[in-house]
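The values are calculated or read from the model by the stated rules, or taken from the named source; none is laboratory data. Since we're looking at a predicted model, the values are computed, not measured. Every residue, glycine as well, gets a Cβ built from its backbone with ideal geometry; the counts of neighbours run over all protein chains shown. Heads up: the accessible areas ignore ligands, DNA and RNA and are worked out on the full protein's heavy atoms, side chains in. Shrake-Rupley method; radii C 1.70, N 1.55, O 1.52, S 1.80 Å.
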Amino acid sequence: MSNKEEYDVFVCYYELLASDHAATIYSALIERGYRVFVAHLRRPYLSGDFHQIVDSVIEKCKIFILINGIDALDRPEIIRETKIAFPNGNLKNHKLWIFRHSSQEIHRGHIKFTSETNIDLSLQMQIDFASVPELARAVTLKCKNEKSSGVLDVPDMRTPPVISHNIAIVKTNNQVNLDEYVQRLQNQIKNKEYDEALETFDTLLHLDPMNVALFNNKANFLDQLGRYEEAIENYSLALSLNKKNPFILANKALTLGKLRKHDESLKCINDALSIIPKNTELMLTKGHVLFNKKELKKSLEVYEEILLINKHHSRAIGAKAAIFAVEGKKDEALTLLETSIREDPKNDNAWYNHGAVLMEEEKYDEALDKINHSLKLNPYNFFSWTAKNSILRKTGKYEEALSVCDESIQINLNKTIPYFLKGVTLFALQRYEDALQCYDKAITRNSQFPTALINKSLCLLRLNRKEDCMNTLNEVLEFVINEPDKLNIIGEMLLELNAATKAEEIFRIARIRDSKNSQLASNLFLALYEQKKFDESILFCNQILDESPNDIQFLLNRSAAFIKLKKFEQGLADCDKVLGFDETIGVAYYNKACVSSLQNIKIDTLQLLKKAIDYDPRSKELAKSDEDFENLKNDSEFRKLVD
């Protein structure tokens with residue numbers, strides 16, 4: 001094991017009393033693909049100044065985990081390591097995860113810790129646990145939560161669409177005076193009397209049913225409210241009266257895109273451009289439609305064409321930047337965004353995208369400045385509200401994040417995203433009932449919002465409402481059948497619901513879309529294993545290991561399946577190969593202990609099981625109920641080891 005090995009996670013803990021907890025975190029995270037540094041597990045394999053090695057690991061890691069355990073907070077080493085990770089209490093360089101032991105004694109060093117590190121733990125989210133199994137579940141749940149709120153958690157790059165065009169309302173029926181009603185409509189919208197405003201639209205259309213502008217403007221208003229299907233109906237009615245209005249076609253294209261009807265959206269904007277071929281606003285909308293369809297090359301061609309017409313077009317420059325950012329060309333994206341802002345300092349979308357790129361680079365202070373400027377220019381930009389909420393959560397400012405949600409709910413006509421964001425924030429705080437209410441409010445406004453439906457399912461699962469969870473998962477499947485990341489989350493929930501057969505089906509569909517996703521592969525193995533399809537499990541492991549012969553997780557998976565089929569020699573060979581790479585992998589010792597137990601070799605069983613527990617304390621609980629140790633259930637030495 002090299003001193004120069006890179007790590008994703010550093011675990012900070014009081015070694016005398018929390019080694020078991022640190023080892024539990026270590027084992028739970030490496031199973032999910034994290035590279036984890038735990039001092040007492042790594043020390044025997046490192047040479048040189050240990051403090052220097054630790055300091056280097058802390059500076060380079062992405063996640064700093066603090067175990068707030070018994071007598072931990074006033075320990076000099078805990079304070080020293082925390083100050084290295086977060087100088088002057090600045091939380092922007094690393095993610096901070098805190099797991100707090102439920103013992104009442106843990107609060108003793110709180111004041112000293114806060115005064116020396118400038119981090120007030122009372123303002124940080126802490127995940128409580130009372131036992132090793134609870135801690136293991138908490139770590140796994142934390143990893144899942146990081147992903148499940150993820151579709152809107154890290155803001156998407158956004159190309160700038162044409163703003164929905166309102167048309168001046170001119171009466172078409174000379175017998176009717178519309179002015180009074182139009183003034184009433186404007187006042188109702190200004191006063192946020194949205195239902196009354198829709199009634200006034202209907203009154204106007206009753207008085208002047210051939211008025212194209214009224215149908216278009218009502219559709220725009222419905223779009224802003226998030227009532228997309230109704231908006232499409234009204235655009236269609238407007239177009240039935242005037243098929244050749246390119247801007248109504250563009251408006252309809254944008255709304256169809258919000259319903260993920262990308263092919264219909266593209267047809268609409270192409271029809272609009274056939275009427276006015278070189279209109280840069282319509283071309284900008286076509287680029288946006290193609291971007292949302294994930295046809296980035298075609299989208300870029302449209303923006304390049306706009307820039308041939310007008311090389312100073314700020315929004316086209318900013319849209320090119322969004323494509324470069326999605327392709328991972330962050331430096332080129334930032335340069336273009338600076339140019340876009342220079343050409344038009346009021347381009348709120350460019351300010352937003354600049355913040356989004358900085359946020360992905362975890363430069364949260366700079367990102368927040370850009371996002372706040374975007375909101376100053378356009379307080380209705382829900383992408384910016386999303387980003388601001390996310391930055392505050394990532395820096396541990398959950399109460400501020402909730403305030404942002406409430407402010408956004410007050411300002412925006414469409415409450416869908418603000419309620420969703422509030423649900424995400426409450427979910428992170430483990431306030432599942434409150435989060436559920438917010439997700440329901442978002443779904444009421446947009447029944448085809450898959451991320452909200454998935455997160456609602458997670459809330460229901462945490463609240464042990466398993467039947468409701470299953471019903472919601474069935475509801476969301478049709479919307480995400482081509483999205484492997486969302487399918488993976490659904491499959492993991494199905495495993496928790498003991499629906500391994502259905503989970504297998506979901507993971508197989510997801511792997512067709514993304515065959516290189518290691519987490520999908522691990523979950524598919526687990527679904528097969530849970531169904532006792534051990535021969536099939538081994539064949540699947542062989543497929544993975546043919547491509548990656550040293551994949552530790554799949555060597556361990558295959559060893560477990562071999563052992564279930566009593567193919568002990570093959571199972572032990574896989575375990576030994578793993579231990580040749582890393583002697584701290586507790587699961588390898590555990591699997592070998594299972595073999596020794598099944599062969600009735602008591603001494604080897606107990607020695608191997610002790611090693612497994614030392615490196616992975618979860619092994620204690622597993623061994624208590626594992627049928628492979630049935631012959632030792634009444635053995636005093638075994639009971640002493642696992643009790």
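Per-residue 3J(HN,Hα) values for the range 198-212, derived from phi via the Karplus relation 6.51 cos²θ - 1.76 cosθ + 1.60 with θ = phi - 60°, read 5, 4, 5, 4, 5, 4, 4, 5, 5, 6, 9, x, 9, 8, 4 Hz in sequence order (x marks Gly and Pro).
The loop-placed GluC sites (Glu not before Pro) in the range 332-365, going by DSSP, that have at most 12 neighbouring Cβ atoms within 10 Å of their Cβ come out as 361.
Under the simplified labelling scheme, the residue 130-residue 546 pair shows an inter-label distance of 5.0 nm, with each label point 7 Å from Cα along Cα→Cβ. Cα extents for the range 50-130 along the principal axes, largest to smallest and rounded to whole angstrom: 33, 22, 21. Kirkwood hydrodynamic radius of the range 490-558, from the reciprocal of the average inverse Cα-Cα distance over all distinct pairs: 11.9 Å.
Using a simple spin-label model with pseudo-atoms 7 Å out from Cα toward Cβ, residue 259 and residue 294 lie 2.2 nm apart.
Histogrammed with a bin width of 5 Å, the alpha carbon distances of the range 1-93 distribute as 2, 13, 26, 27, 22, 9, 1 percent, first bin at zero.
According to the Cα-based calculation, Rg over Rh for the chain is 1.03, with Rh computed by the Kirkwood formula. Measuring against 22 Å, Cα to Cα, the residue pairs 62/394; 244/286; 363/516 contain 363/516 as the ones spanning a longer distance. Given a Förster radius of 30 Å and the C-beta distance between residue 539 and residue 140 as r, what FRET efficiency does 1/(1 + (r/R0)^6) yield to the nearest 0.05? The calculated FRET efficiency here is 0.65.
If R₀ is 60 angstrom, what is the calculated FRET efficiency for the pair residue 403 and residue 626, using the beta carbon separation as r and rounding to 0.05? E(calc), rounded to 0.05, equals 0.80. Dividing the helix sum by the residues of the chain, where each DSSP H run of 4 or more adds -39500 (n - 2.57), gives a mean residue ellipticity at 222 nm of -21000 deg cm²/dmol.
Here residue 430 and residue 301 are evaluated by their C-beta separation; at R0 = 41 Å the FRET efficiency comes out at 0.30. Take every pair of alpha-carbon atoms less than 8 Å apart whose residues are at least six positions apart; their mean separation over the length of the range 487-621 yields a relative contact order of 14 percent. Its convex hull of Cα atoms gives the range 491-643 a direction-averaged projected area, equal to a quarter of the hull surface, of 9.0 nm². Only Lys, Arg, Asp and Glu count, each charged at its Cβ (+1, +1, -1, -1), so figure out the dipole size of the range 54-95 about its Cα centre, rounded to 20 debye. Magnitude of the dipole: close to 280 debye. Ignoring any ligand, DNA or RNA, what whole percent of the accessible area of the range 528-643 comes from carbon and sulfur when the probe is 1.4 angstrom? Carbon-and-sulfur percentage of accessible area, whole number: 48.
Surface exposure of the range 240-369, expressed per residue as accessible area with a 1.4 Å probe, stands at 46 Å².
Shown for the range 212-263 is the translational diffusion coefficient from the Stokes-Einstein equation, using the Kirkwood radius over Cα pairs, a temperature of 4 °C and a viscosity of 1.567 mPa s: 124 µm²/s.
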